[in-house]
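Below is one structure, written out as structure tokens, with a few remarks after it.
We did not get these values from a lab; they are worked out from the coordinates using the rules stated. Please read all numbers here as calculations on a predicted model, not as lab measurements. Backbone-built Cβ (ideal geometry, glycine too); neighbour counts: all protein chains shown.
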Amino acid sequence: MGAGKALAIIAALLTILGTFVFAMFEALAPDSVGSGIAIFQDLNGTFENVENYDTVGPAWLLYILIIVLIIFAISGFVQFIGIKSRAGIFIFSLFPLTIAILILIIGAENSQVNYMMLVMSDEQVIIDVYPYLIPIYELDTGYNIGLGTYLVLSGGIIGIISALLPRENSKY
């Protein structure tokens, strides 16, 4: 197996772990964390309540943001396409990379990023167990950034590196 394929597998696993197993940040509500699981919990309610957040931005922008978050949540699984396709791993590594950078650099200071973090926040499925929060540091806004954000960031970076490496031609 070539280095590009191996890195694609590592990138996909890191992204999945960071998105679904480890929490990306601690939300302000008690026992709530940010993860990819929260994106799919009450997805209908998220689309229906967009008009309630008209101070954040126009509704069309929030719909696009929700769709980007859905693509982000499934990007770890789609990164496995990178075993065969360099374009697939590149495109689906950009989503985790962008979301992690937004959380790390901008935090909740921007209203659209704050809305994104709100959509990603929900109560833990099993309190203090899943998704598991390992806080790394606290932002000025009160959010604790967790290990999941760094796993997602590293999965995106490794995915981009994997896209730059050639794939071996397989016999199959």
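Observations on the model:
- Distant alpha-carbon pairs in the range 3-164 (separation over 26 angstrom), percent: 25
- Taking the longest Cα principal axis of the chain as reference, the axis of helix 59-78 is set at about 40 degrees.
- Nonlocal amide H pairs with Ile136, under 5 Å, H built at 1.01 Å: Ile145, Gly146, Leu147
- Taking amide H positions as modeled 1.01 Å from N, with prolines and chain starts lacking one, the residues under 5 Å from Ala27 and 5 or more places away or on another chain are Ser32, Val33, Gly34.
- DSSP beta bridges confined to the chain are antiparallel in about 90 percent of cases.
- Ordering of 57-67, 115-125, 93-103, 42-52 by burial proxy (mean other Cβ atoms within 10 Å per residue, highest first): 93-103, 115-125, 57-67, 42-52
- For a modelled paramagnetic label at Glu123, 7 Å from Cα along Cα-to-Cβ, the residues of the range 40-56 in reach, with backbone nitrogen under 19 Å, are 40-46.
- Net lengthening on full extension, Leu61/Ile157 (0.36 nm per residue, minus Cα-Cα): 31.9 nm
- Within the listed set Val78, Val68, Val129, the residue fluctuating most in the Gaussian network model of the chain (springs between alpha-carbon atoms under 10 angstrom) is Val129.
- For Gly2, the residues 5 or more places off, or on other chains, whose built amide H falls under 5 Å of its own are Glu168.
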